[in-house]
Amino acid sequence: MGKPTGFIEYPRQSMAKRDPLLRLSDWYEIYSHHPEATLKQQGARCMDCGVPFCQADPGCPIDNLIPEWNDLVYRDRWEEAYERLIKTNNFPEFTGRICPAPCEDACVLGIADPPVTIKSIECAIIDRAFERGWVRPVTPEHRSGKKVAIIGSGPAGLAAADQLNQVGHEATVFERDDRLGGLLMYGVPNMKLEKKVVDRRIELMRQSGVRFRTNCDVGVDLTAEQLMAEYDAILLACGALRHRDMDLPGRDLAGVHLAMDYLTGVTRSLLDSQFADGRFIDARDKNVIVIGGGDTGADCIGTALRQGCKSVLNITRRQREPDYRDEFHPWPGPTGAYFLDYSHEEGKAHFGRDPREYGVLPLEYVGDDRGRVRAMRIERLEWERMPDGRWKSHRTGIREDLPADLVFISIGFTGHDTPRIVNDLGVKEESGLVEAEYGRYATNVEKVFVAGDMRRGASLIVWAIAEGRGAARSIDKYLMGHSNLPSPGITTQLASSAG
Ligand SMILES: Cc1cc2nc3c(=O)[nH]c(=O)nc-3n(C[C@H](O)[C@H](O)[C@H](O)COP(=O)(O)OP(=O)(O)OC[C@H]3O[C@@H](n4cnc5c(N)ncnc54)[C@H](O)[C@@H]3O)c2cc1C
Ligand code: SF4
């Protein structure tokens, strides 16, 4: 523990961000950097408590050694902090930017005071490591002669490939898209995670020996029989990309879109041509309604604001969250409290209010005489909290037409969208998710494994990394009879029973 009185002396300073109004004028990263002295003080706030709840689920799912690197940053031993960080995390530059930081919800200091700003410190360590040239390709000394096919280049597939390559297996990542990264590339917008940050990591992995094949839809361009014949093990990491739709009257009106069609098109056009090709949905001067919250909804708001929309409203059936953790959200789990994500901050700065409206039930997309959406018909709901903590909604009969030239549906995902390879391999699935036990990742089919959103359902990047690392260990053990690869939760009963 660097400074025993640090948590008393220094207040929390959250992740540094550029001014919301300034950042709306570009598509660059929203973050700025704290000076080194501030970071050291923030590291000194860590109490190095006897049981670091931050460090394992329900804190950090990959078991990041948080108190250790907090202390090393405070002591100005940044390179050692980097070495500790990469013991558990293949991609701290992704999580340091866009992880929702369950570690901070579980921070012991957070019981009485604002928690340690763990995520900022993680990001600062890895950014410095790249600047100073400490991050180098890692090539194995010996090759095992075993070949592993990884289907899907999202964080689960990438983490597994990185781990398997490090122990000498030949890892080939297949991706049906034209660019690598999964939702890191074509889901999360550029201002949250610049694509050069994703490309930099993939290039390092390439230099380390991982093979990549893009524009290859496995199941179509490469059959299940070919995979089974050519590879010693197969990892399915295809995500959960089947979008949930909202099939209300007027769904076929022009201007009503799935959120992912909007977000993917904008990022692709930005990367391909800096928007010169015009191949994206443009919210300029339009009234925009986003249905559904979460990261996807927030990213639609941030994108529409950057395009210069006339208005943006994010409607959700849910009730507004309480301002602080309540008795139904006990520590060390998620706080469940109201907070402004980056795009809500931007909406507030630009239009003077948080763009979210709660207790709104969508009823109908209302069209004009040219077949274009012109409004969203809604009914207001009232929410009541029941004694057991659950919320119950009541319809009020109060209806309105909210002006809308564009409506983006962002109400979640219902499982994988790649039935061909799943059927042809014969792996069992339930409600769109491929079945495998957490910690083992083995499907019902010999030598076929599954990890990430495709197994657990739409989740978080840090969970995809956790599952990719865990699956790599299981695959290594399957191939070699034992494994020395680290895996999250390895000291818990669950993972130790998985070997
Ligand atoms: C808009 C949006 C914003 C998000 N923001 C955040 C955030 O801020 N923080 C956070 O922690 N999480 C966020 N998430 C969630 C996070 O991105 C996912 O949980 C994570 O990417 C899942 O990783 P994965 O590797 O399992 O799958 P994915 O990232 O979905 O990657 C799966 C890949 O498999 C490919 N694939 C599928 N089938 C085939 C096939 N047959 N052949 C070849 N390739 C195939 C797909 O093209 C895709 O590239 C966000 C999600 C969305 C949609
Ligand atoms: S990966 Fe996420 S949960 Fe883990 S330390 Fe980083 S911000 Fe916290």
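What to note about this one:
- Ordering Lys146, Lys87, Lys196 from the fewest to the most neighbouring beta carbons within 10 Å gives Lys196, Lys87, Lys146.
- Phe328/Tyr28 FRET efficiency (R0 51 Å; Cβ-Cβ; nearest 0.05): 0.85
- Sequence ranges 253-263, 183-193, 372-382, ranked by mean other-Cβ count within 10 angstrom, highest first: 183-193, 253-263, 372-382
- Rounded to the nearest 20 debye, dipole of the chain from Cβ charges on Lys, Arg, Asp, Glu: 280 debye
- Gain in span if fully extended, Asp285 to Asn444, counting 0.36 nm per residue against the direct Cα distance: 52.0 nm
- Counting only DSSP H runs of at least 4 residues, each contributing -39500 (n - 2.57), and dividing by the residue count of the chain, the helix-based mean residue ellipticity at 222 nm comes to -9500 deg cm²/dmol.
- Nearest-0.05 FRET efficiency for Thr139 and Asn215, computed from C-beta distance (R0 22 Å): 0.25
- Cα centroid of the range 468-487 to Cα centroid of the range 412-439, whole Å: 21 Å
- For Tyr358, Tyr438, Tyr342, order by how many other beta-carbon atoms lie within 10 Å, fewest first: Tyr438, Tyr358, Tyr342
- Take the Cα of Ser273, step 7 Å toward its Cβ, do the same at Asp261, and the gap between the two points is 2.0 nm.
- Distance from the Cα centroid of the range 376-402 to that of the range 1-57 is 38 Å (rounded to whole angstrom).
- The gain in end-to-end length when the Arg132 to Phe351 segment is fully stretched comes to 74.8 nm, 0.36 nm per residue minus the alpha carbon separation.
- Charge dipole of the chain about the Cα centre (unit charges at C-beta), most positive-ward option of Gly250, Tyr10, Ala161: Tyr10
- Of the residues Asp388, Asp323, Asp401, the one with the fewest other Cβ atoms within 10 Å heads the list, and the complete ranking is Asp388, Asp323, Asp401.
- DSSP beta bridges in the chain [antiparallel fraction, %, rounded to 5]: 40 percent
- Value in Å of the Kirkwood radius, where the range 6-131 supplies the Cα pairs that are averaged: 14.6 Å
- Globularity ratio of the chain, using Cα Rg and 2.2 N^0.38 Å: 0.99
Read the figures in this text as sums done on the coordinates, not as results from a lab. Just so it is clear, the model here is predicted, and its values are computed rather than measured. All Cβ positions, even for glycine, are placed from backbone atoms using ideal geometry, and neighbour counts span all protein chains on display.
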